[in-house]
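The values are calculated or read from the model by the stated rules, or taken from the named source; none is laboratory data. All values derive from a computational prediction rather than experimental measurement. With ideal geometry, Cβ positions are generated from the backbone for all residues, glycine too; neighbour counts draw on all protein chains shown. For accessibility, only protein heavy atoms count, side chains too; no ligands or nucleic acids. Shrake-Rupley method; radii C 1.70, N 1.55, O 1.52, S 1.80 Å.
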Amino acid sequence: LNLYESRARAVCSRIDSVAMKDMNDESPMMMEAVLSRKRSLNSLEFHNGDWRERISGVQERISGVVHNGWRSSVNTIGTPVSRFVEKSRPSDVLAFYALVCAAAAITCALSFLIDSLVSLSVYCRGLLMGSVRPALGSAASSPWALEGAFFGTWLLWEVGLAALAHVCARRSSMSFGSGIPEIKCELQKTHLRGFLKDGVLAAKLSGLLLAQAASLPIGKEGPFVHCAAVIMRKLVRLPWFRGMRQVPEYAEQLMMVSVAIGAISVFAVPASGVLFALEIAPESALSIVTYWSCILASVVGSFVLRVMPFVIKGPIVNLVPPFRQEEVADPLTDSFFLVLLSLPLGVLCGWLGGVFVKRQTALAKRIRAWIFGQGTKCQVMLGTDRQTSMTPELLEGLIAQEFRVAQIGAPMSPKPNTDSLRKKRALLICLAVAAADACVSFAVPALRGASQAALLWKLASSEHFEWSTAPLPNSQLPHDWIFNSIGNSEVSDALMQLAVFAWKFFVTMFALSIPIPSGCIAPCYVIGAFLGRAWSHSLCLLQFQVWGYVGGLAQMHPDFALIGATAFTAAVCRSFAVVVAVAELTGSSRLMMPFCFASFVAVAVANLVAPSIFEAAANTKSLPVLHQPRSLMEGWGPVSDVMVTEVPLVPEHWGEDSAKVKELLSEVLAHQPAPMHFPVVLGGLDQEDRRSAPLLGYVPRALLEAALGQAQPPTGLERDDLGVAEQISGDTPVMDARLRLVRRPGEDLYVTEGGCFLGVVTFSALLDAAKAEEKRQRR
């Protein structure tokens with residue numbers, strides 16, 4: 001009880017110091033520390049009436065401080081959203097929702113502009129191809145000369161645009177790749193330096209535009225998630241939205257909304273955007289404000305994308321065509337047999353989706369090592385004070401008051417490469433992938449100049465796929481007659497579908513691994529659609545009959561294309577939002593059950609093979625991200641399996657011998673890995689078994705470093721300098737500890753038994769345990 005009494009006195013003294021301070025910008029942060037200690041004290045279990053009275057007195061004093069001065073600012077820290085709405089000004093809430101609407105409108109308008117510029121580039125490429133024949137003159141009568149001129153023009157166009165895409169994107173290294181793994185870092189309150197810089201937006205958009213104009217198999221959902229976060233950071237700085245900073249944890253909520261906006265920029269349907277945001281970071285969707293903000297952003301973004309074609313001439317944003325509602329003689333039987341035929345397709349899509357993720361991850365690591373060295377390391381440090389030496393980006397960015405900061409360091413074993421050589425290697429791999437894709441798309445007329453959305457539209461809308469028709473104007477070539485007879489038989493059509501599926505599978509892995517902005521959902525839709533049509537043609541070849549039912553399989557090629565697209569994409573992304581998006585766009589109730597069953601089976605099978613592509617990308621980039629469980633039992637083991645036991649314990653009393661005190665401090669601070677906090681136990685330097693002593697709290701590393709630097713170190717630690725150690729038992733589930741550490745970045749969890757220290761659970765310990773589990777599953 002004396003130990004707990006000292007803690008109460010420390011809290012009371014801190015309250016008194018806060019009450020005496022003048023009102024300034026630091027007061028909310030001081031009160032956050034006070035309320036944090038109050039929550040920690042309330043989480044402990046005490047069995048003494050006198051101690052309960054002391055806690056009640058502390059709570060009353062805290063309430064007195066709150067009601068005597070800082071109602072408009074302090075009440076918003078650590079309080080439920082309902083209390084915030086009741087006690088804050090309505091203009092603060094309106095400013096928050098206005099910011100969400102503005103960000104959604106701007107991001108989706110940029111998405112439409114990107115699509116319009118890509119369509120314009122396709123038109124310009126058609127004009128360029130049409131000018132080749134007149135430029136040849138009499139030489140155009142030779143098929144070889146004509147084919148060579150067309151091929152050279154085609155190759156230079158695609159390779160040149162791909163090179164420009166990389167050159168524009170490398171202005172900011174954070175513009176490479178998707179952006180969703182980095183957003184998962186931000187949502188787990190680990191800020192990546194440079195992720196929200198001003199130059200990232202221009203580099204990301206220009207690189208994405210040029211890469212899509214080069215017809216590379218990439219999507220735009222991931223890059224636009226990143227762009228939405230940068231746009232929100234810019235809007236937060238405006239004086240019009242200054243009031244929304246009073247919203248509790250506004251930074252985390254805006255990051256969640258950016259995920260919904262990025263999905264909307266591709267799907268253009270509200271429900272899928274909200275679901276996608278909740279799937280990316282379920283532990284961050286704990287607020288009703290977050291949920292309604294995602295809905296509002298999705299509705300506004302969808303509205304803007306639907307209105308923009310009437311304002312500016314451009315393409316209608318729709319990945320797949322609205323489906324026809326066919327009259328079926330027996331709808332129940334038709335749906336049952338369609339589900340039955342979709343289950344094996346779901347198993348195949350799940351296995352191939354897991355293989356795709358595994359191979360793409362290995363390929364990305366090899367390319368990254370070839371360009372930059374053996375790999376990169378990510379240094380994570382903790383910042384809990386605005387007085388720390390953080391950059392202005394951290395002070396003004398979308399970050400919490402307590403946060404972890406990650407710095408992507410240099411390669412661990414850098415090769416003797418200059419920056420110039422690394423740039424040449426990165427550019428070379430981009431040129432090689434673009435050249436390979438250009439050669440195949442030039443050879444196959446149906447792939448010539450077709451964007452991912454146009455190709456998916458064609459696969460999902462036509463019962464007979466025209467292989468000899470090129471979507472690009474003025475691009476018909478002499479060798480196109482070879483593909484005239486492919487669609488005349490099921491055998492040739494099935495083989496061609498499988499061949500194109502294999503090529504798209506291969507080239508998409510490379511396109512997602514090279515240093516350009518890229519998303520994975522649209523190309524995965526296309527890969528799955530080719531696989532679904534190949535499956536449908538195979539069933540027709542087998543003259544598939546079940547109990548005398550032949551459900552018109554020749555007319556079901558578009559159905560199986562959509563089923564394959566949703567199942568394969570769900571297996572790669574581990575997201576059901578991709579299924580909801582296609583269901584919303586098609587409006588076909590007949591295909592809803594096949595979509596769901598095939599996707600469920602695909603995700604279950606893919607979980608046995610590899611993690612999702614977003615988590616695999618985080619591993620490739622060495623990002624400090626805690627991954628989602630892949631099984632029902634994962635994450636429910638005790639924390640005793642992941643806790644760190646080799647932690648130096650600091651005694652409360654050090655004594656008068658300066659040499660021994662400095663020796664103790666040097667030994668504690670030299671411990672590796674270097675923790676930010678050290679547990680403090682009752683006793684002195686001469687105590688032999690410190691693990692049997694009661695745990696008093698923790699001491700920050702900075703305090704021990706300051707004591708070591710003094711000529712005459714202190715004789716011990718003051719109780720007021722100790723932090724309240726949040727104690728848990730050894731059988732606490734890992735998932736529970738994970739939620740606590742994600743929500744409170746500045747704290748560690750101390751595992752105790754009978755008040756004695758057993759180990760500590762830190763964010764880094766959970767990361768190491770997750771990596772070990774991933775290696776075990778890989779083996």
Of every hundred units of 1.4 Å-probe accessible area on the stretch 166-227, the number belonging to carbon and sulfur atoms, as a percent, is 56 percent
Burial-style ranking of 266-278, 738-750, average other-beta-carbon count within 10 Å with highest first, yields 266-278, 738-750
Filter the cross-link list K662/K771; K660/K771; K424/K504; K184/K423; K197/K423 down to pairs whose alpha-carbon distance in this structure exceeds 32 Å. K662/K771; K660/K771
Describe numerically, in nm with one decimal, the distance between label points set 7 Å from Cα along Cα→Cβ at R171 and at Q710. 5.3 nm
Using alpha-carbon positions, the gyration tensor of the stretch 723-779 gives root eigenvalues a ≥ b ≥ c; with a/c under 1.5 called rounded, otherwise prolate if a/b exceeds b/c, else oblate, the class is prolate
Ordering 765-773, 559-567, 530-538, 227-235 by per-residue average of other C-beta atoms within 10 angstrom, highest first, gives 559-567, 530-538, 227-235, 765-773
Please find the FRET efficiency linking K775 to H671, where r is the Cβ-Cβ separation and R0 is fixed at 22 Å, and quote it to the nearest 0.05. 0.30
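What full-extension length gain, to one decimal in nm, is calculated for D641 and S141 as 0.36 nm per residue of separation minus the Cα-Cα distance?
So the chain would gain 172.4 nm between D641 and S141.
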Using the Cα atoms as the points, what is the convex hull volume per residue of the stretch 155-249 in Å³? 95 Å³
Sorted by average packing, counted as other Cβ atoms within 10 angstrom per residue and highest first, what order do 662-671, 292-301, 195-204 take? 292-301, 195-204, 662-671
